[in-house]
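What follows is a single structure, written as structure tokens, with notes after it.
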Amino acid sequence: MRVFACLISLCLLAQPAFSEPLPMPASAQLCVGCHGPTGGGIEPVGPRIAGLSAEYIAQQIALFQQGKRQNPIMAPMAMTLQGDKITQVSEYFASQALPEIKLHIRGDTVSFNEPASTLVYQGDWGRLIPACVTCHGPSTLGGGLFPRLAGQQASYIKTQLLAWQTGTRKGDVDGMMASIANKLTAAEIDALASYLAAIK
């Protein structure tokens, strides 16, 4: 049922298309130091947030404010955003364009030679691990409340999977990401982080 919930949510909460990047609102200025002026990210300080859906960005700000996500830099930053400022920041970074990549649709390839690509496109149903693309979409481009993983910093992806494992990151529906992360080995997390970061 959780897998079907992912698919339904991905369709219903698709990111609205912005014809061109929005002008930077004053409320987004404090984000620039870590995420860059267009949200491209500054490793290792801040991940790429450009092109994530406005719904997802707003949700993550709320989770930092509620203490369900923990980061000594982001927590106080998130608290400075209230009301319309959350919408302004979310829509600004969501409107920033990212390079297009060739979509890899599930079924295009029947078998994979490396564990990471197998997990991304087929999952491991013996361990009840759905494919990453089940929720994060073709080539993990994301949509709605499911973030884009393709091209994200490997260090950030690894950090977040470990945070799901330890419980320092929460807020996922039905504890789905925590459940998946806790079934991954350290080697699989490293491989997934590298593989997803290289999707460009």
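The values are calculated or read from the model by the stated rules, or taken from the named source; none is laboratory data. In this text, all values refer to a predicted model and were calculated from it rather than measured experimentally. Ideal geometry is used to build each Cβ from the backbone, glycine not excepted, and the neighbour counts take in all protein chains shown. Protein only, heavy atoms only, side chains kept; ligands, DNA and RNA dropped before computing areas. Shrake-Rupley method; radii C 1.70, N 1.55, O 1.52, S 1.80 Å.
Structure summary
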{"read-out": "Positive-pole candidate from Cys31, Met77, Tyr56, dipole of the stretch 26-95, charges at beta carbon", "value": "Met77"}
{"read-out": "Descending semi-axes in Å of the stretch 115-198, equivalent ellipsoid built from Cα gyration tensor", "value": "16, 14, 14"}
{"read-out": "Alpha carbon centroid spacing (whole Å) that separates the stretch 35-58 from the stretch 103-148", "value": "22"}
{"read-out": "Percent of alpha-carbon pairs separated by more than 28 Å within the chain", "value": "23"}
{"read-out": "Cα-based helix-to-principal-axis angle, 2-12 vs the chain, degrees rounded to 10", "value": "40"}
{"read-out": "Lys/Arg +1, Asp/Glu -1 at C-beta; the chain dipole; positive extreme among Gln122, Thr109, Gln66", "value": "Gln66"}
{"read-out": "Alpha-carbon radius of gyration plus Dmax, which is the widest Cα pair, for the stretch 26-95 in Å", "value": "10.8, 29"}
{"read-out": "Set of lysines with alpha-carbon distance to Lys200 below 16 Å, sequence-local pairs under 8 removed", "value": "Lys102"}
{"read-out": "Dipole magnitude (debye, nearest 20) for the chain, charges at Cβ of Lys, Arg, Asp, Glu", "value": "320"}
{"read-out": "Cross-link partners of Lys170 among lysines (Cα-Cα below 16 Å; sequence separation of 8 or more within a chain)", "value": "Lys68, Lys158"}
{"read-out": "Accessible carbon and sulfur surface of the chain relative to its total accessible area, %, 1.4 Å", "value": "61"}
{"read-out": "In Hz, Karplus ³J(HN,Hα) per residue of the stretch 45-59 (6.51, -1.76, 1.60; θ = phi - 60°; x = Gly, Pro)", "value": "6, x, x, 6, 10, 4, x, 5, 5, 4, 4, 5, 4, 4, 5"}
{"read-out": "Karplus-derived HN-Hα couplings along the stretch 89-106 (A = 6.51, B = -1.76, C = 1.60, θ = phi - 60°), whole Hz, x at Gly and Pro", "value": "5, 4, 6, 4, 6, 5, 7, 6, 6, 10, x, 6, 10, 6, 6, 10, 8, 4"}
